[in-house]
1. Beta carbons within 10 angstrom, averaged per residue: use that to sort the peptides 92-99, 4-11, highest first.
2. How far, in degrees from 0 to 90, does helix 126-142 lean away from the longest principal axis of the Cα atoms of the chain, to the nearest 10?
3. Given the chain, what count of lysine pairs have C-alpha atoms under 27 Å apart, with each pair 8 or more places apart or on different chains?
4. Normalised by the number of residues in the chain, what is the relative contact order in percent for Cα pairs under 8 Å and 6+ residues apart?
5. Can you compute the equivalent ellipsoid semi-axes for the chain, i.e. the square root of 5 times each eigenvalue of the Cα gyration tensor, sorted largest first and rounded to whole Å?
6. With angles folded into 0 to 90 degrees, how steeply does helix 81-100 sit against the dominant principal axis of the chain? Use alpha carbons for both and round to 10.
7. Tell me, Kirkwood radius of segment 89-143 from alpha-carbon pair distances, in Å?
8. What number in nm² do you get for segment 2-63 if you take the convex hull of its Cα atoms and divide its surface by four?
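Just so it is clear, none of the values below were taken in a lab; they were calculated from the coordinates. All figures in this text were calculated on a predicted structure; none of them were measured in a lab. In this analysis, Cβ positions are derived from the backbone assuming ideal geometry, glycine residues included, and neighbour counts consider all displayed protein chains.
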Amino acid sequence: MIALQFVNFYPDLDETTTTTLRNKSPLPNHPVMLYALFYNGHRVDMNLLHMNEEVGFQEYSFIVDNPQMFTLLQIVYDPGVAGAFVGGAFLLTGIFLAFYVNPKKLRIYVDNSGQVMIYGKSYKHNGEYLEELNKVIDTIRRN
């Protein structure tokens, strides 16, 4: 089995540099491909290929010409989707609790002499909660 893999594409290869491969521009002025040729699962060749040049191996030959820009979408199986879903559910639960659950404390102490002490605290809008609590206490005192 023979396979030709396109490793990278350089639309406008800058051949003045000898250390790295880079483009002068994104336009296909001087298109060059980096390819790898596999035979029976083993890489037998890897090189740069200019357009309309021939790549040969044994009795087979490949010619690449007229490069086209396109978008490749690939659908793959991701085993982490379940973990991401669970994490998202925890996050949404936390947001719901943060916005819609308002824990409040109300403690009433009665000592031996019959004096009553009331302690109240809200973790959100504590001032409003204390005002509401004072209104309720005033209503109870009047009745």
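1. Most protected by this proxy first, the peptides run 4-11, 92-99.
2. Tilt of helix 126-142: around 20 degrees.
3. Eligible lysine pairs with Cα atoms under 27 Å apart amount to 8.
4. Value for the chain: 12 percent.
5. Whole-Å semi-axes of the equivalent ellipsoid: 78, 19, 13.
6. 30 degrees
7. 13.5 Å is the Kirkwood radius here.
8. 4.6 nm²
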